[in-house]
Every structure is written in structure tokens, then in C-alpha cells.
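Right, one structure below, let's go through it.
The values are calculated or read from the model by the stated rules, or taken from the named source; none is laboratory data. Bear in mind that the values here come from a model prediction, so they are computed numbers and not experimental data. Here the Cβ is made from the backbone with ideal geometry for all residues, glycine too, and neighbour counts use every protein chain on show. Quick note on the areas: whole protein, heavy atoms, side chains included, nothing else; ligands and nucleic acids left out. Shrake-Rupley method; radii C 1.70, N 1.55, O 1.52, S 1.80 Å.
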Amino acid sequence: MNATIADRAQAAYLGLAIGDALGATVEFMTPGEIRHKYRVHRDIRGGGWLRLKPGQVTDDTTMSLALGRAILTQGGRVEALACAQAFEAWMRAKPVDIGNTVRRNLVTFRHSGNPVAPPSEHDAGNGAVMRILPVALATIGEPVERVSTAIRAQAHVTHHNVLSDGACDTLVAMLHAVLEKIGAGGTAQDLRHFATVLVARHAEYTFDGKLRDNPSGYVVETMQAVFQAFFATTNFEDCLIDVVNRGGDADTTGAIAGMLAGAFYGLDAIPRRWRRALDPNVRDACLVQAQALLAIRS
Ligand SMILES: [Mg+2]
């Protein structure tokens, strides 16, 4: 296995959990409220509306880990039914947080047994893209059609929506580019064309304009904040601090920016204070699963 890929895969998973834990403290706050309380929010300290312990993560990370386990159980394949069963078991275990669209479509699955939610223009939330990392890791090097099928198999369990699909496709393409091709020496701008392609397909995603503060759970606003933060900064720490201080759905913008910036900048770029602050069980689970997902694909 390529050591560089392994390092970046682990950094992506750790980045996801760190962004989630960091952002959860300021979820649903406005940038002004965050400034008033913390000046700049830059430490993993728990609290927030979920009253988290310092280092505790939310649904973004725990759904990703549940999805990754389902993929590993299926020998590396992303099967819709296995994903739905894993998410349903995750929901039954009473997670600290759960999105409305996720809950509604998992309750429907519980009764119907059909792991594909009906297409809905209202299901354009960020719940499918926030947990996409295990699919990206399990499909490195696979043909585009198979990657696309895998992305939809997990996403459509809860979010059957073209805007959500567009975000998932784009983020996976960016992660694959970083993990496979763009080694040390590249800049964040090398990934800009992926976001530009998304904007060309769905003009809603236009992000080079007004600062996207207070991003909601609408996947378009979430990705606008992530793109702006990622392209405006040159290291992992600045990227995450930028995105979570925008407030709004800060645990999820933190999680998505964290997986992208983690993959891009690598393990050494992740501040030690954040690695230490993260719940050690979560930290270990992320590191172990990243390795396992890489190993099973080959
Ligand atoms: Mg969350």
C-alpha cells in the first residue's frame, strides 16, 4: 500500500472527526455570537446546544463509522441494503444528534424494507455528503460508473436528491484526486476545477461571491462555506477555524472541510492539541477504519 495514500486517508478521517467536534460547539450560532463569546473559536471544548463532552463527536462522524463498518462487512462493496441496516441500527442506539431527513427516511425504511428513499426535491440537506468519506476510501481507483453507483447506494438511503448527489460526486472526486494524484507540492487551487464543474451543472452552488456566513443544513450553503474556506486558506488549521467560525451548521461544515483539508494537507498538518482533544475511542476507530477501507479495496 502506498504510504502517502494511507497517511492522507487517515488524515481525512481524523479531519472529519476533528471538524465535527470543533464545530459542534458553535452549531446554530451566528458569526457575531461566536465572536462575542470566543473572539475566535479555535479549541475543541465540547458544550454547544448538544452539551457535548470535550472531544465528543456527533452524527457526522458516527454515521460515517457505521457506514464504513457496513462496507467492510460487505467485503468492500457499498450495498444499499447493508447501508440502510447500518444506519437504522445506528438510529436505534440513540445517537446524540440526528437530522430530520435522515430520521424520516430511516423510519420509512424500517417499515418498507426498501433501502432507496423516493426522490425528493426537499431532501437537499447535507446528511449524505457529510458521511461520504468511507465510500471515497473504498472506491479509490475504480471506474467512474462504479464510483457513481456506490455514492448513490449510500446517499439515497436518506437523501435522494440531485443537489445532494452533485455535492457527493464532487467531494469524492476531490478526495480521489488528492489521494491518488495530487501529492505534496500541489496547492488547494489545483482542486478548484471540481467545484467549478459542480457550479456549471448546478448554478445554485456558485461560491465566488458574497461570504457564505451562517450556512444552513441545505447542502448548497454547506458546500459554499466549505469551498470558500478551503480555497481561501493554505493549511488545515486555518481552513477549519475559518469554516466553523461562520457558525450555522458548523459541525457539518467542519466535518466536510476537515476530511478534505485532512486528505490534502496530511497527518502532520493536524494540530496536536486537536488530536489530543478528540475522544480517543473515536480517534482510534477513525484511524483503524481508514486503513481497513484502503486495504479491502486492493
Ligand atoms: Mg452533526
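Only Cα pairs within less than 10 Å get springs; with that Gaussian network setup on the chain, which residue of Gly55, Gly209, Gly125 has the largest fluctuation?
Evaluated over the chain, the most mobile residue of the options is Gly209.
What nm value, rounded to one decimal, do you get for the distance between Ala93 and Asp208 when each label is placed 7 Å out toward the C-beta?
For Ala93 paired with Asp208, the spin-label model returns 4.3 nm.
Looking at segment 102-177, I'd like the Rg to Rh ratio, where Rg is from alpha-carbon atoms and Rh is Kirkwood's inverse mean 1/r.
Rounded to two decimals, Rg/Rh equals 0.98.
First check a/c for segment 38-91, with a ≥ b ≥ c the square roots of the eigenvalues of its C-alpha gyration tensor; if it is under 1.5, answer rounded, and if not, answer prolate when a/b is larger than b/c or oblate otherwise.
prolate
HN-Hα J couplings of segment 219-231 from phi, Karplus 6.51/-1.76/1.60, θ = phi - 60°, integer Hz, Gly and Pro as x?
Once rounded to whole Hz, the list reads 4, 5, 5, 4, 6, 4, 5, 5, 4, 4, 5, 5, 7.
Note down the magnitude of the dipole of segment 95-185 about its Cα centre, charges +1 on Lys and Arg C-beta and -1 on Asp and Glu C-beta and zero elsewhere, to the nearest 20 debye.
260 debye
Full-extension gain between Lys37 and Glu180, please, as 0.36 nm times their residue separation minus the C-alpha to C-alpha distance.
47.4 nm
Can you give me the % of accessible surface on the chain that is carbon or sulfur? Probe 1.4 Å, all protein chains present, nothing else counted.
Taking all protein chains in place, the chain shows 52 percent carbon and sulfur surface.
Distance between Cα centroids, segment 133-203 to segment 217-261: provide it in whole Å.
First find each Cα centre; the distance between them is then 16 Å.
In percent, what relative contact order does the chain have, based on Cα pairs under 8 Å that are 6 or more apart in sequence?
Reported relative contact order: 35 percent.
Restricting things to Cα coordinates, could you compute the convex hull volume per residue of the chain in Å³?
113 Å³
For the chain, set up a GNM with springs between Cα atoms under 10 Å and report which of Asp213, Asp59, Asp284 has the largest fluctuation.
Asp284
Hey, got the dipole for the chain? About the Cα centre, +1 on K and R Cβ, -1 on D and E Cβ, debye to the nearest 20?
The calculated dipole for the chain is roughly 680 debye.
Among the trypsin sites (Lys or Arg not before Pro) within segment 126-214, which fall in a DSSP loop and have no more than 10 other Cβ atoms within 10 Å of their own Cβ?
The qualifying sites are Lys181, Lys210.
Run the quick spin-label model on Arg192 and Thr149: label points 7 Å from Cα toward the beta carbon, then report their separation in nm to one decimal.
Label-label distance for Arg192 and Thr149, simple model: 3.6 nm.
Which one of Asn281, Val40, Thr233 has its Cα pushed farthest toward the positive end of the charge dipole of the chain, where Lys and Arg give +1 and Asp and Glu give -1 at the Cβ?
Final value for the positive-end residue is Asn281.
Thr234 to Thr30: extension gain in nm, 0.36 nm per residue of separation minus the Cα-Cα distance?
So the chain would gain 71.0 nm between Thr234 and Thr30.
How large is the convex hull of the C-alpha atoms of segment 84-229 per residue, in Å³?
127 Å³
Leaving out ligands and nucleic acids, and using a 1.4 Å probe, what accessible area per residue does the chain come to in Å²?
Result: 41 Å² of accessible area for each residue.
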